[in-house]
Structures are given as C-alpha cells and as structure tokens.
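The values are calculated or read from the model by the stated rules, or taken from the named source; none is laboratory data. Since the model is a prediction, treat every value here as computed from it, not as a measurement. So basically every Cβ, Gly included, is an ideal-geometry build from the backbone, and we count neighbours across all protein chains shown.
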Amino acid sequence: MALLLADENFPMPAVEALREFGHDVQTLLDLDQAGLAVPDDEVLSLATSLGRIVLTLNRKDFIRLHSIYPNHAGIIICKADSNFISLANRVDNCLEANPDTRGQLLRVQRPAS
C-alpha cells in the first residue's frame with residue numbers, strides 16, 4: 001500500500017479505484033485545498049511534508065519540479081486516459097514495480113493503440 005496525494009487534475013474515478021486496491025490516496029479536496037489553484041511547487045511541498053507520492057497528469061511542470069526539488073517522497077506522472085480503471089491499474093503496477101519511490105520520478109504511459 002502506498003501513501004499518495006492526487007493533485008486536482010487527477011481523475012476521481014481513478015483515485016477511487018486506487019483506494020479499492022488498498023492504497024491510501026488523499027486529494028486536495030480531502031485536505032480542504034480544492035479550488036484554490038494551489039501552485040504545483042506547493043502541492044509537491046505538501047506531499048513531501050505528508051510523506052506522500054504526488055499523483056498527477058501534469059507531466060511538464062512536475063518533471064521540472066523534480067529536477068529542482070529532488071528530495072520528495074516520489075512523483076508519478078501519468079498520461080491522461082478516460083479508462084480510469086486501466087489508469088489506476090497501471091499506477092498500481094508501477095507502485096508494485098517500484099517499492100521505494102523516494103526521490104523518484106515515475107512515468108505511467110497509456111498503452112499503445
């Protein structure tokens with residue numbers, strides 16, 4: 001089981017599926033931060049302070065932040081996928097394959113069509 005923090009752009013159906021898989025997933029809504037346009041660096045800082053891996057679709061900004069702030073609990077960047085269960089499965093598989101995410105930038109791709 002992983003401790004995750006999903007940013008605002010990560011789809012709730014995928015969050016719910018990850019919870020069903022046994023992961024502890026918090027959202028900015030859970031932390032009373034929804035709708036506040038929390039900057040990405042503050043999302044990363046919050047996740048780091050909570051010991052949680054950031055889960056995001058915002059690849060470009062979090063790749064940049066990873067290079068600036070490498071001491072974090074982990075960042076998982078995903079390609080958008082309307083098949084939320086498939087997305088959650090790929091995140092789960094990524095976590096299983098990478099049990100130590102500290103300081104890691106992990107990429108979850110959509111399967112080739």
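Would you call Leu55 touching a strand residue (DSSP E or B) at 6+ places or on another chain (Cβ under 8 Å) and buried (at least 18 other Cβ atoms within 10 Å of the Cβ)?
Judged against the criteria, Leu55 is a match.
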Worksheet item: From the list Ala80, Ala47, Ala37, which residue is out of contact with any helix residue (DSSP H, G or I) (no Cβ under 9 Å at 6 or more places or on another chain) and loosely packed, with under 12 Cβ neighbours inside 10 Å?
Response: Ala37
Worksheet item: Only one of these conditions is not met by Ser82: (1) outside any helix (DSSP H, G or I); (2) touching a residue at least 12 places away in the same chain (Cβ under 8 Å); (3) closer than 15 Å to Pro11 by Cβ. Which number is it?
Response: (2)
Item to complete: Return yes or no: is Leu106 in a strand (DSSP E or B) and either at pLDDT 95 or above or buried (at least 17 other Cβ atoms within 10 Å of the Cβ) (or both)?
Response: yes
Response to the item:
Scanning segment 53-68 residue by residue, the ones that are modelled with pLDDT under 95 and not in a helix (DSSP H, G or I) total 1
